[in-house]
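A short write-up of the structure that comes next.
The values are calculated or read from the model by the stated rules, or taken from the named source; none is laboratory data. Since the structure is predicted, the reported quantities are computational estimates derived from the model, not experimental observations. Glycine gets a Cβ as well: all are built from the backbone with ideal geometry, and neighbour counts include every protein chain shown. Ligands, DNA and RNA are stripped out before the accessible areas are found, and what is left, the full protein with its side chains, is counted by its heavy atoms. Shrake-Rupley method; radii C 1.70, N 1.55, O 1.52, S 1.80 Å.
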Amino acid sequence: MGKDNTQISFEVQVLQSGNWRIHAQFSENERDDAIDEARALESMPGVGDIKVVRDAFDTETHLHSEHIVYKYNSPNAISQTSDADRFARLASGGGPRGGGSRGGGSRGGGRASSFDHSGGSKRSRKKSSGFGVITKLLLVILFGLALAAVVTGIASELMPYKKVLGIALYGKMRANVLFGMFILFFVFTVGSSFRVFMARDELNVPNIPNMPNRSRKPAAKKQKQEKQEKQTKEVLSAREERKKREEERKKQEEARKEEAAELKKQEEESASENGENEDALKKETEDAIKKKEEEDRAPEETVPEEVMSDNAEKQKVVMMSFFGESIRKLPAERKKMDNYNRFGVNLYLAGASEAIGSERGLDAAETEKILSDSLKVMGMAENNADSFAKRYEEYLLSDKRYMQMFQSGRRDMSGYLAGEGDAAVRMDETLDEWNKPAEPENPEKQIVVMFTDIVGSTAMTHEKGNLGAQEIVRAHNKVVREALIKFHGKEIKHTGDGIMASFEDVTDSVNSTAHMQRLIQLHNQNAPDIPLKVKIGTAMGSVVVEENDLYGVTVQMAARIVDKGGEGMNLVSDTVYGMLKGGTMQFVKRGPYLMKGIDGPAYLYEHVWDDKADIAAMTAQADADNAALAAQADIAPPAEVPASAPEQVEQQPPENQGQQ
């Protein structure tokens, strides 16, 4: 399953105090916005050079590749004579005030017309033409390439195809090792050859007399005057603008008075014609004058601001307190974040905002607003913050570390709301994990695979439209991710109308699916206009982990199992059931099923997750369904255990199990 592992972004960088600092970051599709932002900074006082850098981050190698797409050189930059130039003048026998060298330099030669090293080293350098030097350089490079290729070929033949010191010398790792060896030998060969063959070569460049060191003071003074003139023009322009607005206001006031006088005149004329309508006309005139005055007093440009509920405002304060406390407790060196760590904190805040929105009853718009305001505090531009708050879910499945950062934010915010004192301190630990190099995963492991599926998603789209269907998908994502975090599950990918996830522990997997159904039940009680119906299938076995995805028979089995379920059903494979049977957890046997890719009939087990469920009714229904399935497949039901016998499996009761 091929996937582009390169992530593109554009950074606006500003030269301040001799260092390039990141001013803003834009996504792959916002190149023009980044250049516009750079151009907007050009007119700001105190800003030096500006450039826009295209940053390509490889999620496999964790390497950055950058190149400049736009650069602005500030006219305020003052060129200075380099230390190398001063050294060359001193070596030639002159100084700022003369003084000559013992090698025969003349006194008073502070600005010598040429660099004379005749009194220095006894061995003179051989002067070569530019063509000769370039030819030698090309020969050195070709020699380095040839030697590096030979050495790498020999190393490839001698290198074994096995693990050495924990390093797998096959596949991509072998190619990376060989490529590294090639580069190493090439650099070593070129460096050594360059010193041997070109150490005594010197380009035959004509001597150029030093130009007099002109004073920069007039230029600096001129720049200061231009700046003052510009500021004066801005002040005068602002005064002129205020004067125009004042004149316009006076004109509107005069027009209003004239209109009021005209209305009053009409009132008097009408009253003289018909005395019965005097009061009505007077009231109408007063209302018209009052309305006109209110319109005149209204601001010329009013931009309606998004109003949040009182509850949302309170939760925003909680979010800012959590974020501020987390930042304050970071070490000093951690607070100086680069682009990569800022992005990680953005994902962390996205998880925290989703947690507070879920636990404090906020809608999607209020949750997005809280996240956007938090990102603005981080220094992100307003349009970028709003865009990230709406689209952050697109990042979560592109790299497993992105989802881990998001889930860490959810976990810590949930702990903070529950009163855990160290919840706000965990950001430092989370950033430690974020900055660790990705460890190569074992390509094959034993795990539990789970699929969720929204029942009737196609019909739901036709009934409620795309926007209504998307609201239901958001509710599903919120419920499933909350349960995954609570029971240590890992989201693998979104399937469009469901989620694929994995668990290390089989008990956690069943507890998590039960918690999902209870949260769905609670959601349907609180939001009947957004009905959510979900079925879940779970299987356990060996899978292959590759490119943040899972492959193998177990994955196919879990997908087949969820297809056999119905609304509100949690079906598990016989392997999962076999590891849990014998306790208080209740299961009802279902089957036989004939499933594609599975030899023979398959029996599944429905987990009874609802404490209020009627086991007798479920047993009777299972008997009837199983008999029909057996007759359809022409298979006799097993005689040793009744098909409907509920099985019990001991478990540690999950937290909030009584929540309905």
Task: Exposure rank, largest accessible area first [ASP625, ASP310; 1.4 Å] - done: ASP310, ASP625
Task: Förster radius 41 Å - calculated FRET efficiency between GLN16 and VAL187, Cβ distance, rounded to 0.05 - done: 0.75
Open item on the list: Give me the dipole magnitude in Debye, nearest 20, for region 525-590 about the Cα centre, with unit charges on the beta carbon: positive for Lys and Arg, negative for Asp and Glu.
Closed with: 460
Open item on the list: Suppose each label sits 7 Å from its Cα in the direction of the beta carbon; what would the GLU547-MET44 distance come out to in nanometres?
Closed with: 4.1
Task: Pairs beyond 20 Å (Cα-Cα), from LYS400/LYS486; LYS400/LYS490; LYS71/LYS227; LYS535/LYS564 - done: LYS71/LYS227
- [ ] Please find the FRET efficiency linking LYS581 to ASN383, where r is the Cβ-Cβ separation and R0 is fixed at 41 Å, and quote it to the nearest 0.05.
- [x] 0.15
Task: Paramagnetic reach from ASN524 in region 585-617 [backbone N under 15 Å; point 7 Å along Cα→Cβ] - done: 609-614
Task: Signed unit charges on C-beta, dipole axis of region 401-515, positive-most listed residue ALA424, ILE454, PHE406 - done: ILE454
TODO: State to the nearest 20 debye the size of the charge dipole of region 348-449 about its Cα centre, where the only charges are +1 on K and R beta carbons and -1 on D and E beta carbons.
DONE: 100
- [ ] First select every other residue whose beta carbon is under 13 angstrom from the beta carbon of ASP49; then total the charges, Lys and Arg +1, Asp and Glu -1.
- [x] +2
Task: Exposure rank, largest accessible area first [HIS64, HIS488, HIS523; 1.4 Å] - done: HIS488, HIS64, HIS523
- [ ] Just grab the label-to-label distance for GLU246 and ASP432, each label 7 Å out from Cα along the Cβ direction, in nm (one decimal).
- [x] 6.4
Task: Gain upon complete extension [PHE143, GLU157; 0.36 nm per residue less C-alpha separation] - done: 2.9 nm
Task: Cβ-Cβ FRET estimate between ILE167 and GLU28, R0 fixed at 30 Å, reported to 0.05 - done: 0.35
Open item on the list: Can you give me the % of accessible surface on region 519-599 that is carbon or sulfur? Probe 1.4 Å, all protein chains present, nothing else counted.
Closed with: 50
Task: THR458, THR513, reordered so the largest accessible area comes first (probe 1.4 Å) - done: THR458, THR513
Task: Rough spin-label spacing in nm, given labels placed 7 Å along Cα→Cβ, for GLU60 and ALA628 - done: 5.0
